[in-house]
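The values are calculated or read from the model by the stated rules, or taken from the named source; none is laboratory data. This one's a predicted model, so the numbers in the text were calculated from it and none came from an experiment. Cβ atoms come from the backbone with ideal geometry, glycine included; neighbour counts cover every protein chain shown.
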């Protein structure tokens, strides 16, 4: 495959079967390898779509400053595009995110403003909104509310899945900005009768839920519950166990949010087997494991890894 | 046997600091009613005008009750109910 530049090589990622983790020939699980994007995560898709939309709308011109709250991958994707297109990028990032993410951001030339660990990404969003109000000339793409985020999946991720696997019955992905689930979910629901759209939401350590009161919670503006069939909360322990199982059984070295999605995918597979129904379950490998090596997720016992991950934002 | 209800940090002022408490009931609504009788004030933090509050997520055995039956979701002994505030990902 040949492309005009790195940016243009986004997407067209492989869909691979999991012969060892699939329960039977009738109930199969498939991994969409989004780590095969230019900066190594699914976020290359929404980042490119959001930047190009802002350019079309006349908001972004060379020399502009982009501001974005991000726990890492969106920032890394934006940093690569910003470098190639001549924008300055400032990322607001919770301080409890992995060192690799920070190094990668700096490497591509992004500036990082840290937000407090307590409250996780909620705080990053709050800090970024405050900065945007103080600097009206900065452009906040705002992945949580920018329709170009879900459209990137509606226009690229989802058509790729349906083309590679017309018999798809379930789609499972991690729930963060909700962009992947909203975009792929809408596309598949329009074309695949009865398709099930399943969200796997990371359940972090208590620090991340350390809000001052329940009214400080956050729901991304993009979220539309009617697109989903159901939604599971997956603990760090389950996500870690599945991340290691995927590596051991199928050789796929993925980040921890992938274990979260796989856990829900295996749950759906079990239900299909119990119901005696055929299933082709697609789940998203959002990124590879490289950025999480320093968290110790892949070493020692699961209990040790879980302790090391306590309080970290791993998705 | 009872139903274990896991309480998030910000609501533990109502449970004397307990991370998890036991309660009983046939539906989530009854369960929350039973919780209220043991831990007064908790219900108003979870429910508003007959619905779960916007930024409160409740999971029955890890599945979001909004996709099951909301406050009418049946619950049974041995189940685990987890309450969490809605937070951002990404």
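Please pick out the residue among A:225, A:265, A:261 that is free of Cβ contacts under 8 Å to residues at least 40 places away in the same chain and closer than 17 Å to residue A:180 by Cα.
Testing whether each residue is free of Cβ contacts under 8 Å to residues at least 40 places away in the same chain and closer than 17 Å to residue A:180 by Cα leaves just A:225.
Restricted to segment A:61-79, and to residues that are modelled with pLDDT under 95 and more than 14 Å from every other protein chain (Cβ to nearest Cβ), which residue is surrounded by the most Cβ atoms within 10 Å (Cβ to Cβ)?
In this case the residue turns out to be A:61.
More than 8 Å from chain B (Cβ to nearest Cβ) and touching a residue at least 24 places away in the same chain (Cβ under 8 Å): does that describe residue A:231?
Working: more than 8 Å from chain B (Cβ to nearest Cβ): no; touching a residue at least 24 places away in the same chain (Cβ under 8 Å): yes.
Taking the combined requirement at face value, the residue does not satisfy it.
Among the residues of segment A:242-254, what is the count of those that are within 14 Å of chain B (Cβ to nearest Cβ) and surrounded by fewer than 22 Cβ atoms within 10 Å (Cβ to Cβ)?
0
Taking segment A:61-101 on its own, how many of its residues are more than 17 Å from residue A:286 (Cα to Cα) and in contact with a strand residue (DSSP E or B) (Cβ under 6 Å, 6 or more places away or on another chain)?
Of the residues in that region, 17 qualify.
I need a count of the residues in segment A:226-255 that are in a helix (DSSP H, G or I) and touching a strand residue (DSSP E or B) at 6+ places or on another chain (Cβ under 8 Å).
The number of residues fulfilling the criteria is 7.
Suppose we keep only residues that are buried (at least 20 other Cβ atoms within 10 Å of the Cβ) and not in a loop (DSSP other than H, G, I, E, B) within segment A:103-115. Which one would you say is nearest to the other protein chains (Cβ to nearest Cβ)? Quick ask: steps written out before the conclusion?
From segment A:103-115, those buried (at least 20 other Cβ atoms within 10 Å of the Cβ) are A:104-105, A:110, A:115; that's our starting set.
Right, trim to not in a loop (DSSP other than H, G, I, E, B) and you get A:104-105, A:115.
Numbers: A:104: 16, A:105: 15, A:115: 11 Å.
Ranking the candidates gives A:115 first.
Pick from segment A:213-228 the residues that are surrounded by fewer than 17 Cβ atoms within 10 Å (Cβ to Cβ) and within 7 Å of chain B (Cβ to nearest Cβ): which of them is farthest from residue A:193 (Cα to Cα)?
This residue is A:213.
Where in segment A:116-174 are there helices (runs of 4 or more DSSP H), lying wholly inside it, with at least 1 residues that are in contact with a strand residue (DSSP E or B) (Cβ under 8 Å, 6 or more places away or on another chain) and either at pLDDT 95 or above or buried (at least 24 other Cβ atoms within 10 Å of the Cβ) (or both)?
Output list reads A:120-134, A:158-164.
For every residue, the table says whether it meets (1) over 23 Å from residue A:12 (Cβ atoms); (2) more than 13 Å from chain B (Cβ to nearest Cβ); (3) within 17 Å of the chain's Cα centre (by Cα).
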| position | (1), (2), (3) |
| --- | --- |
| A:128 | yes, no, no |
| A:155 | no, yes, yes |
| A:162 | no, yes, no |
| A:172 | no, yes, yes |
| A:175 | yes, no, yes |
| A:200 | yes, no, yes |
| A:208 | yes, no, no |
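Which residue, of B:38, B:43, B:6, is closer than 17 Å to residue A:233 by Cα and surrounded by fewer than 18 Cβ atoms within 10 Å (Cβ to Cβ)?
B:6
Filter segment B:33-57 down to residues that are touching a helix residue (DSSP H, G or I) at 6+ places or on another chain (Cβ under 9 Å) and either outside any helix (DSSP H, G or I) or away from chain A (no Cβ under 14 Å) (or both), then give me how many there are.
Summing the residues that are touching a helix residue (DSSP H, G or I) at 6+ places or on another chain (Cβ under 9 Å) and either outside any helix (DSSP H, G or I) or away from chain A (no Cβ under 14 Å) (or both) in segment B:33-57 gives 16.
Report, by residue number, each residue of segment A:47-60 that is assigned to a helix (DSSP H, G or I) and either touching a strand residue (DSSP E or B) at 6+ places or on another chain (Cβ under 9 Å) or within 14 Å of another protein chain (Cβ to nearest Cβ) (or both).
A:47, A:50, A:51, A:54 - these are the residues of segment A:47-60 that are assigned to a helix (DSSP H, G or I) and either touching a strand residue (DSSP E or B) at 6+ places or on another chain (Cβ under 9 Å) or within 14 Å of another protein chain (Cβ to nearest Cβ) (or both).
Mind counting the residues in segment B:72-90 that are more than 10 Å from chain A (Cβ to nearest Cβ) and either at positive phi or buried (at least 19 other Cβ atoms within 10 Å of the Cβ) (or both)?
Residues of segment B:72-90 that are more than 10 Å from chain A (Cβ to nearest Cβ), as a first pass: B:72-81.
So of that shortlist, the ones also either at positive phi or buried (at least 19 other Cβ atoms within 10 Å of the Cβ) (or both) come out as B:73, B:75, B:78, B:81.
The qualifying residues number 4.
Yes or no: segment A:13-36 includes at least one residue that is outside any strand (DSSP E or B) and more than 30 Å from residue A:270 (Cβ to Cβ). Write out each step before concluding.
Of all residues in segment A:13-36, those outside any strand (DSSP E or B) come to A:13-14, A:18-26, A:34-36.
Within this subset, residues satisfying the condition of being more than 30 Å from residue A:270 (Cβ to Cβ) are none.
So far as segment A:13-36 goes, no, none of its residues is outside any strand (DSSP E or B) and more than 30 Å from residue A:270 (Cβ to Cβ).
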